[in-house]
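Before any comments, here is the structure.
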Amino acid sequence: MSAHGGRERHEAGTARRDGAVTPRGWAVLTLAGLAVALLVAAALLVPWSRPPAPRADQLAALRALPVDQVARGRAFHGALRPAGWSALVVGLVVALLLGLTPVGGRLVELAGRPFGGHWAAQAVLGGLAVMFLADLLTLPFAAWRQTVLNRYGLSTQGWGGWAVDLLKSYAVSAVIGALVLLGFYTVVRLSPRWWWAFGAAGAAALVVLLSFVLPVLVEPVFNRFTPMEPGPLRTELTSLAARDGVPVRDVLVADASRRTRAVNAYVSGLGPTRRVVVYDTLLREADPAEVTSVVAHELGHAKDRDVWTGTLMGALGAAAAVVALYLIGSWAPLLRLAGVDSIAQPRAFPLLIALVTVAGLMATPVQALVSRRVEARADAHALALTGDPVTFEAMQRRLAGVNLADPDPPRWEYLWSASHPSTVERMAAARAYARESGG
Ligand SMILES: [Zn+2]
């Protein structure tokens, strides 16, 4: 399976002696182009000019919260932390052990053996074995996390329901993973010199495709979605969307209560699959005016095309990652560690996973920062659309209380992974809006 491995290394330079650009040279140029495109997209589409409200306002908001609510949120997150960090460390160590030693390659070989070592068996079964081994070894931490959710009364699920959810998510990963693995290694075989270009285009297309189909193909695996019942709230939300100029066919209610007491809402999908979804728990826990405030935030995401922004940046990032893997993957010392002679062979898949895991960790705080800025813009939209900062602040307090949020999380944790502004930042933003609008 390594016939093309040697050939590629003969052309390790970026240009041949006759001056023609080699595939490797094109890869360097493509990666540079994608990096520039990603930076331009981030500069133009992410609302950078929306820094958090002043710290003094945040601290005033914190003092306005019930002391026991703050303490409970902090205790809950303190209890979750060891499980979360353990899973992260173990996942990283497993990925590095499989990818930077010959162990992962041997696992891939072993998985393909019953099929005579056929490349497709190695690619699909070996690939899935590597992916699921890491999942399996971090399973105890997922269970630990679930015991914390149970202890704090946030989960409404027994272990049976938890296990079914887990099996469903494994099944979804296995189906998507098998298709991607088979597609990727087919392209590698068909085009040993240019697979990185097809792979990059394919990865970008896959990100766009998943944005379209996840709400209709995957989300229903985990929840039931029903149109919101006709009534004053539905009428209010529909007219709010109309006033906002955002065409929303339906507000869908997800049966989140089968799993959690937490309240939430989100927008997903693109074009014909776009939907605003509210948790049934939100309708049960919050006042109608607070639900309106939440939906106004989601309309902000729809209006500013945040799903498109995320999809575009995800597609550019995925394409860049494939090209970068091709370039890094031709580095001989790395291949020697993994005991393979080309990054393009199925036996090198664990090495790919190791590199992707490290890159994913490095991207985590950047993605969180981008997400926080986008979320702050949706909050500003909600405030402007409803003109009701008092309800917005009440809604934030409710969300934090029910969801056991740490309203003012430790700085390092916030910078590492917070996808939303903190509760005190969001309350402070509402107060700033009230001041500025003379409310
Ligand atoms: Zn949001």
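The values are calculated or read from the model by the stated rules, or taken from the named source; none is laboratory data. Note that the coordinates shown come from a computational prediction; the quantities given were computed from them, not determined experimentally. Methodologically, a virtual Cβ is constructed for each residue, glycine included, from the backbone with ideal geometry; neighbour enumeration extends over all protein chains shown. Note: accessible area is taken over every heavy atom of the protein model, side chains too, but ligands, DNA and RNA are not part of it. Shrake-Rupley method; radii C 1.70, N 1.55, O 1.52, S 1.80 Å.
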Subject >> Residue-by-residue Karplus 3J(HN,Hα) for region 128-144, coefficients 6.51, -1.76, 1.60, Hz, glycine and proline x >> reply: 5, 4, 5, 5, 7, 4, 5, 4, 5, 6, 9, 4, x, 6, 5, 5, 4
Subject >> Normalised alpha carbon radius of gyration of region 100-248 [divisor 2.2 N^0.38 Å] >> reply: 1.46
Original post:
Which whole-number value in Å² is the accessible area per residue of the chain, probe 1.4 Å?
Top reply: 48
Original post:
Where in region 394-416 does the label zone of residue 85 land, with the point 7 angstrom along Cα→C-beta and an amide N cut-off under 20 Å?
Top reply: 405-416
Original post:
Hey, quick one: spin label on residue 249, modelled 7 Å out along Cα-Cβ, who in region 275-298 has an amide N within reach, i.e. under 13 Å?
Top reply: 275-276
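Tell me the mean residue ellipticity at 222 nm calculated for the chain from its helices only (DSSP H runs of n ≥ 4, each -39500 (n - 2.57), averaged over every residue, nearest 500). Kindly include the intermediate steps, with their values, before the conclusion.
Values: 19 runs with 300 residues, N = 439.
Taken over the chain, the calculation gives -22500 deg cm²/dmol.
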Subject >> region 104-244 - charge dipole about Cα centre, Lys and Arg +1 at Cβ, Asp and Glu -1, debye rounded to 20 >> reply: 340
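Taking Rh as the Kirkwood radius computed over C-alpha pairs, what is the Stokes-Einstein D of region 369-439 at 25 °C in a medium of viscosity 0.890 mPa s, expressed in µm² per second? It would help to have the intermediate numbers written out before the result.
Working: Rh = 12.5 Å.
In µm²/s, the coefficient is 197.
Taking Rh as the Kirkwood radius, which is the inverse of the mean 1/r over Cα pairs, what is the Rg/Rh value for region 276-422? Present the calculation step by step, with values, prior to reporting the outcome.
Working: Rg = 20.9 Å, Rh = 18.3 Å.
The Rg/Rh ratio comes out at 1.15.
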**OP:** Rounded to whole Hz and in sequence order, give me ³J(HN,Hα) for region 229-240 from the Karplus expression 6.51 cos²θ - 1.76 cosθ + 1.60, θ = phi - 60°, writing x for Gly and Pro.
**Re:** 4, x, x, x, 5, 4, 4, 4, 5, 5, 6, 4
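Kindly state, to the nearest 0.05, the FRET efficiency for residue 224 paired with residue 411, given R0 = 41 Å and r defined as their beta-carbon distance. If you can, show how the numbers build up before the last one.
On the way: r = 39 Å, r/R0 = 0.96.
So the FRET efficiency works out to roughly 0.55.
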Original post:
Over the heavy atoms of residue 113, what accessible area does a 1.4 Å probe trace out, to the nearest 10 Å²?
Top reply: 150
**OP:** Specify the residue with the greatest mean-square fluctuation among 164, 188, 180, computed from a Gaussian network of the chain linking alpha-carbon atoms under 10 Å apart.
**Re:** 164
**OP:** Report ³J(HN,Hα) in whole Hz for each residue of region 197-212, in order, from the Karplus equation J = 6.51 cos²θ - 1.76 cosθ + 1.60 where θ = phi - 60°; Gly and Pro get x.
**Re:** 6, 5, x, 5, 5, x, 5, 5, 4, 5, 4, 5, 4, 5, 4, 5
**OP:** Any chance you could look up the accessible area of residue 362 with a 1.4 Å probe, heavy atoms only, rounded to 10 Å²?
**Re:** 130
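On full extension of the chain, what length is gained from residue 168 through residue 28, given 0.36 nm per residue of separation minus the C-alpha to C-alpha distance?
Details: separation 140, 0.36 × 140 = 50.40 nm, distance 3.95 nm.
Length gained between residue 168 and residue 28: 46.5 nm.
For the chain, what is the percent of antiparallel DSSP beta bridges, rounded to the nearest 5? All intermediate terms of the calculation are to be shown ahead of the outcome.
Values: 9 of 13 bridges.
Once the DSSP bridges in the chain are tallied, antiparallel ones form about 70 percent.
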Original post:
Once label points are set 7 Å from the Cα along Cα→Cβ at both residue 305 and residue 210, what is their separation, rounded to one decimal in nm?
Top reply: 2.2
Subject >> FRET E, pair residue 135, residue 69, Förster distance 56 Å, beta-carbon r, rounded to 0.05 >> reply: 0.95
**OP:** Hey, can you grab everything whose amide H is under 5 Å from the amide H of residue 260? Only 5+ residues off in sequence or another chain; H modelled, so Pro and N-termini drop out.
**Re:** 156
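I'd like the FRET efficiency for residue 364 and residue 190, computed as 1/(1 + (r/R0)^6) with the beta carbon distance as r and R0 of 41 Å, rounded to 0.05. Before the final figure, lay out the partial values.
Values: r = 34 Å, r/R0 = 0.83.
About 0.75, to the nearest 0.05.
Counting every Cα pair in the chain, what percent are over 27 Å apart? Write out the running numbers ahead of the final one.
Numbers: 57466 of 96141 pairs.
The proportion of pairs with Cα distances above 27 Å equals 60 percent.
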Original post:
Using modelled backbone amide H atoms (1.01 Å from N, in-plane), which distant-in-sequence or interchain residues come within less than 5 Å of residue 251's amide H?
Top reply: 228
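Just by accessible area at a 1.4 angstrom probe, what is the order of 436, 413 from largest to smallest? Present the calculation step by step, with values, prior to reporting the outcome.
Values: 436 155, 413 35 Å².
Correct descending sequence by accessible area is 436, 413.
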Original post:
To the nearest 10 square angstrom, how much accessible area does residue 408 have with a 1.4 angstrom probe?
Top reply: 30
Subject >> Apportionment of accessible area to carbon and sulfur, region 134-271, percent (1.4 Å) >> reply: 69
Original post:
Among 245, 85, 232, which residue has its Cα positioned farthest towards the positive end of the charge dipole of the chain, with +1 placed on the Cβ of Lys and Arg, -1 on the Cβ of Asp and Glu, and the dipole taken about the Cα centre?
Top reply: 85
